[in-house]
Amino acid sequence: HSSRTPVLPAPGEEVLPQLPDEPWLRANAVESFLELVTALRYSSSSDRPMRCITITSPAQGDGKSTVALNAAITMAHIEPRVLLIDGDLRRPSLHSKLNRELGRGLSDVLVGQAPLHDAIVRTEHEGLDLLTSGTRTPNSVKLIQSKRFDEILVELLQTYQTIIIDAPALMPVIDAAILAAKSDGTVMVVAIDKTDALAVRAAIQKLHGLGAHNLLGTVANRSRPARRQGGY
């Protein structure tokens, strides 16, 4: 990849998928993801750089996968060599959002059925690669808790500048808390007028219970911006 920082296309161009069609809403959404990515970059410190970030939510349907995808695309425009991992081995969605086959992915690498380099696919977004969840498995917790998973992360960080993991929702299963504990930082997506405050508190307690004390902050999804905010 070129070391020169790419210039982001104008807000009206096809930068991020699954965003509103109206130009002012799209511009607002693009700006929001730029703000998110900038916040993630500046959350790094010399002793703990944010190179592996887990994105999760309290419940299903809060929009975490869309946020993870668009954050990864935006980050790849600013600083290439980004890998997006679908860490939801139970209900994966990133492959369909990127018009890819599920194919062999993370689970297959973890059980030794596929080499890591063969499981990673390029996306249509420059600087962004994808590792799908792979073949469905009933043993997702065992796989992501394994030493092999840790070894894979170490190997991937030798190639990629940033890894973003789209984890399952926190409340239904324990997978996300395990992934968060293995990451440098965690972002929680909450949906305005949908996510329950008690669920958020319970989700944070679940993170802390597994030793993940690296919550960087929350993303308020599905907010309703005023049209005047699109003036720029």
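The values are calculated or read from the model by the stated rules, or taken from the named source; none is laboratory data. Because the structure is a prediction, the values reported are computed rather than measured. When we count neighbours, we look across all protein chains shown, and the Cβ atoms used for this are built from the backbone with ideal geometry, even at glycine. Ligands, DNA and RNA are stripped out before the accessible areas are found, and what is left, the full protein with its side chains, is counted by its heavy atoms. Shrake-Rupley method; radii C 1.70, N 1.55, O 1.52, S 1.80 Å.
Assorted remarks:
- 25 Å Cα-Cα threshold exceeded, pairs from K147/K206; K97/K147; K97/K206; K64/K182; K97/K142: K97/K147; K97/K206; K97/K142
- Accessible heavy-atom area order of D150, D108, D193, highest first, probe of 1.4 Å: D193, D150, D108
- 3J(HN,Hα) along region 155-165, derived from phi through the Karplus expression 6.51 cos²θ - 1.76 cosθ + 1.60 where θ = phi - 60°, amounts to 5, 5, 6, 7, 10, 9, 6, 9, 10, 10, 9 Hz, with x in place of Gly and Pro.
- The charge dipole of region 117-206, taken about its Cα centre with unit charges on the Cβ atoms of Lys, Arg (+1), Asp and Glu (-1) only, comes to about 460 debye.
- Applying the Karplus relation 6.51 cos²θ - 1.76 cosθ + 1.60 with θ = phi - 60° to region 79-87 yields 3J(HN,Hα) values of 9, x, 6, 10, 10, 9, 10, 7, x Hz, where x marks Gly and Pro.
- Using θ = phi - 60° in the Karplus curve 6.51 cos²θ - 1.76 cosθ + 1.60, the 3J(HN,Hα) couplings for region 205-219 round to 4, 5, 4, 5, x, 9, x, 8, 9, 10, 5, 7, x, 10, 10 Hz; x is entered for Gly and Pro.
- For V154, the accessible surface of its heavy atoms amounts to roughly 90 Å² (probe 1.4 Å, protein chains only, rounded to the nearest 10).
- Trypsin sites (Lys or Arg not before Pro) restricted to DSSP loop in region 132-213 with at most 16 other C-beta within 10 Å: R136, K194
- For the set E79, E126, the ranking by accessible area, highest first and with no ligand, DNA or RNA atoms included, is E126, E79 under a 1.4 Å probe.
- Nearest-0.05 FRET efficiency for L116 and S223, computed from C-beta distance (R0 45 Å): 0.75
- Fully extending the segment from T159 to S96 would add 20.2 nm, taking 0.36 nm per residue of separation and subtracting the current Cα-Cα distance.
- Accessible area of Y160 in the full protein assembly, 1.4 Å probe (Å², nearest 10): 20 Å²
- Proximity of backbone amide H atoms, modeled 1.01 Å from N, is registered between I165 and I53, T54, I55, I85 at under 5 Å, excluding neighbours fewer than 5 places apart on the same chain.
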